[in-house]
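Student: Mind looking over this structure? Questions follow.
The values are calculated or read from the model by the stated rules, or taken from the named source; none is laboratory data. Being a predicted model, the structure only gives us computed values, none of them experimental. A quick note on method: Cβ atoms are made from the backbone with ideal geometry, for glycine too, and the neighbour counts reach across all protein chains shown.
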Amino acid sequence: MICLYVLDDAAGRAPGGAARWWLAQSLRALGAEIVRRGGTLTLRRGPAARVIADLARESGAAAVYWNGVAQAPHRAVEQQLEAALAKAGVASQGFPGDLLVPPAAVRNKEGRGLRVFTPFWRRVLALGDPSKPLPAPKALRRGPEIASDTLEEWKLEPVNPDWAGGLRDTWTPGEAAARACLRDFLKTVARGYVGDRDRPDRQGTSGLSPHLRFGEISPRQVFHAARFAAAEDPSLGPGIEKFLTELGWREFCRHLLHDHPDLAGENLQANFDGFPWRSDSKALAAWQRGETGYPIVDAGLRELWHTGVMHNRVRMVAASFLVKHLLIDWRHGERWFWDTLVDADAGSNPANWQWVAGCGADAAPYFRVFSPVLQGEKFDPDGAYVRRFVPELKRLPAKLIHRPWEATPIELASAGVELGKTYPGPIVDHARGRERALAAYAKIRKG
């Protein structure tokens with residue numbers, strides 16, 4: 001067997017900086033695991049259909065197999081590859097390893113995909129459990145010696161400057177780490193998942209999203225392991241069901257991407273095409289740097305830069321702040337997340353941004369404008385999350401840490417905080433930002 005990975009930046013959306021770093025580590029881990037089982041990992045770069053067809057001819061391969069991805073660019077590559085291999089007399093077969101169910105299995109009467117999550121997930125579950133994954137082979141028979149690129153040649157990792165220190169401190173990419181992550185979640189975190197998943201100050205989520213994004217673990221593996229854990233310990237039931245619903249949301253976003261290949265560029269709801277977004281590069285830069293003056297938002301953006309992820313609850317608050325308080329086009333935020341998230345997924349990332357902006361499928365009502373202060377006080381009540389990522393505020397008491405501008409001069413001085421110097425004041429007033437957002441929304445409703 002020849003184990004091949006092709007880096008084709010033209011097949012689908014090219015990964016951002018953080019995702020490229022993860023890809024390099026993931027391929028190293030995969031290569032080591034393949035070697036341990038007797039094989040070797042071949043790396044090639046270029047148009048995937050041509051590269052794979054050429055290698056099949058070069059090696060005299062009898063058949064080519066791959067895991068399919070239900071996205072338009074990948075399907076186009078598969079079709080080109082199938083035709084090239086058939087012309088060369090080489091058998092081929094793709095396997096659906098990226099989803100729980102194929103998009104064709106969840107359609108409405110008109111043959112279109114569903115745009116509301118709850119009926120979508122109900123339909124997926126009604127189809128029955130997905131097939132169980134097969135065990136990995138214990139041994140591989142190495143094929144002929146094949147020339148391979150090196151990871152260093154691909155320059156996936158940052159060098160000058162090397163900004164990936166926080167990623168290395170936070171993550172261990174690879175299949176073994178993915179399995180351990182799932183095992184630990186089911187053993188220790190799932191029991192409190194319903195309540196803790198919204199608390200950025202706690203270890204309340206699975207941490208599986210980048211492993212899923214890179215195929216180090218499949219949604220079917222996660223689904224069956226979670227169901228087995230719930231059967232073994234019924235007390236885990238509520239947490240497991242909520243967790244599977246989140247897995248279902250990933251599935252929903254992938255199905256949306258299948259039906260709408262330009263999900264990252266076009267509003268799903270056309271009435272938003274005339275939305276009066278503001279162009280404000282200074283405010284956008286402040287948001288990107290985590291210097292908005294709202295501690296929960298700033299903590300989220302700094303967590304993102306340091307670790308390559310942002311807690312899911314905080315993602316909603318930070319995204320809402322950008323598109324509603326600042327009236328900056330959701331596509332700017334989506335592109336920033338795409339470049340800085342290790343789990344930047346071609347379906348979930350744009351679908352979630354559209355959901356927050358109110359222009360997507362099953363979208364949040366636009367008039368729901370999160371208060372960053374109240375969100376912080378509710379989900380980070382002691383300020384532990386803010387203290388970790390916004391250390392200049394760590395000496396403020398919990399009652400003030402989410403609203404430092406309300407502290408007295410004495411309280412600020414004792415905490416070592418100088419508003420406007422060591423920490424910025426709010427770049428927009430919450431009440432004014434909310435009113436401006438509602439006025440903008442009213443314009444497109446009238447239109």
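Student: Suppose the filter is among the basic types (Lys, Arg), surrounded by 12 or more Cβ atoms within 10 Å (Cβ to Cβ) and more than 23 Å from the chain's Cα centre (by Cα); does Arg112 pass it?
Tutor: Against the criterion (among the basic types (Lys, Arg), surrounded by 12 or more Cβ atoms within 10 Å (Cβ to Cβ) and more than 23 Å from the chain's Cα centre (by Cα)), Arg112 does not qualify.
Student: Continuing with the same structure: Within region 420-444, track down each residue that is in contact with a helix residue (DSSP H, G or I) (Cβ under 8 Å, 6 or more places away or on another chain), under 24 Å from Ala319 (Cα atoms) and either without any contact (Cβ under 8 Å) to a residue 24 or more places away in the chain or not charged (D, E, K, R) (or both).
Tutor: Once the filter is applied, which keeps residues that are in contact with a helix residue (DSSP H, G or I) (Cβ under 8 Å, 6 or more places away or on another chain), under 24 Å from Ala319 (Cα atoms) and either without any contact (Cβ under 8 Å) to a residue 24 or more places away in the chain or not charged (D, E, K, R) (or both), region 420-444 yields Tyr423, Pro424, Gly425, Pro426, Ile427, Val428, His430, Gly433, Ala437, Ile444.
Student: If you don't mind, there's one more thing I want to ask. Mind checking which residues of region 261-284 are among the basic types (Lys, Arg) and exposed (fewer than 11 other Cβ atoms within 10 Å of the Cβ)? Lay out the reasoning, then the answer.
Tutor: Kept after step one, since they are among the basic types (Lys, Arg), are these residues of region 261-284: 278, 282.
Scanning region 261-284 gives a single hit, Lys282.
Student: Take the residues in region 312-356 that are under 13 Å from the mean Cα position of the chain (by Cα) and hydroxyl-bearing (Ser, Thr, Tyr); name whichever of them is farthest from Gly290 (Cα to Cα).
Tutor: Ser348
Student: Continuing with this model, one more query. Check off (1) in contact with a Pro (Cβ under 9 Å, 6 or more places away or on another chain); (2) in a helix (DSSP H, G or I); (3) touching a residue at least 60 places away in the same chain (Cβ under 8 Å); (4) not basic (Lys, Arg) for Leu412 and give me the number that stays unchecked.
Tutor: Among (1) in contact with a Pro (Cβ under 9 Å, 6 or more places away or on another chain); (2) in a helix (DSSP H, G or I); (3) touching a residue at least 60 places away in the same chain (Cβ under 8 Å); (4) not basic (Lys, Arg), the lone unmet condition for Leu412 is (3).
Student: Please verify whether Asn271 is in contact (Cβ under 8 Å) with a residue 12 or more places away in the chain and part of a loop (DSSP other than H, G, I, E, B), treating the condition exactly as stated.
Tutor: No; evaluated as a whole, the condition is false for this residue.
Student: Consider region 123-140. How many of its residues are part of a helix (DSSP H, G or I) and surrounded by 12 or more Cβ atoms within 10 Å (Cβ to Cβ)?
Tutor: So the count comes out to 3.
Student: Of the residues Ala32, Ala56, Ala91, which single one is buried (at least 19 other Cβ atoms within 10 Å of the Cβ) and free of Cβ contacts under 8 Å to residues at least 60 places away in the same chain? Let's see the steps before the verdict.
Tutor: On the way: Ala32 fails: buried (at least 19 other Cβ atoms within 10 Å of the Cβ); Ala91 fails: buried (at least 19 other Cβ atoms within 10 Å of the Cβ).
Ala56 is the lone residue from the list that is buried (at least 19 other Cβ atoms within 10 Å of the Cβ) and free of Cβ contacts under 8 Å to residues at least 60 places away in the same chain.
Student: From (1) out of contact with any Pro (no Cβ under 7 Å at 6 or more places or on another chain); (2) over 23 Å from Ala176 (Cβ atoms), pick out the condition that doesn't hold for Leu134.
Tutor: Checking Leu134 against (1) out of contact with any Pro (no Cβ under 7 Å at 6 or more places or on another chain); (2) over 23 Å from Ala176 (Cβ atoms), the one that fails is (2).
Student: Having 1 or more residues that are within 16 Å of Ile146 (Cβ to Cβ), modelled with pLDDT of 95 or more and in contact with a strand residue (DSSP E or B) (Cβ under 7 Å, 6 or more places away or on another chain) is the bar; report the strands (runs of 3 or more DSSP E) wholly within region 28-113 that clear it.
Tutor: It comes to 41-45, 63-68.
Student: What residue, of Phe367, Phe337, is crowded, with 16+ Cβ neighbours inside 10 Å and within 28 Å of Arg436 (Cβ to Cβ)?
Tutor: Matching residue, one of Phe367, Phe337: Phe337.
Student: Within region 96-111, which residues are of a type in the set (D, E, K, R) and farther than 20 Å from Ala346 by Cβ?
Tutor: Arg107, Lys109, Glu110, listed by residue number.
Student: Can you name the residue in region 59-75 that is exposed (fewer than 14 other Cβ atoms within 10 Å of the Cβ) and within 28 Å of the chain's Cα centre (by Cα) and is also farthest from Ile217 (Cα to Cα) among such residues?
Tutor: Tyr65
Student: Next question, about the same structure. Give the residues of region 108-124 that are aliphatic (A, V, I, L, M) and without any contact (Cβ under 8 Å) to a residue 60 or more places away in the chain, sorted by residue number.
Tutor: Once the filter is applied, which keeps residues that are aliphatic (A, V, I, L, M) and without any contact (Cβ under 8 Å) to a residue 60 or more places away in the chain, region 108-124 yields nothing.
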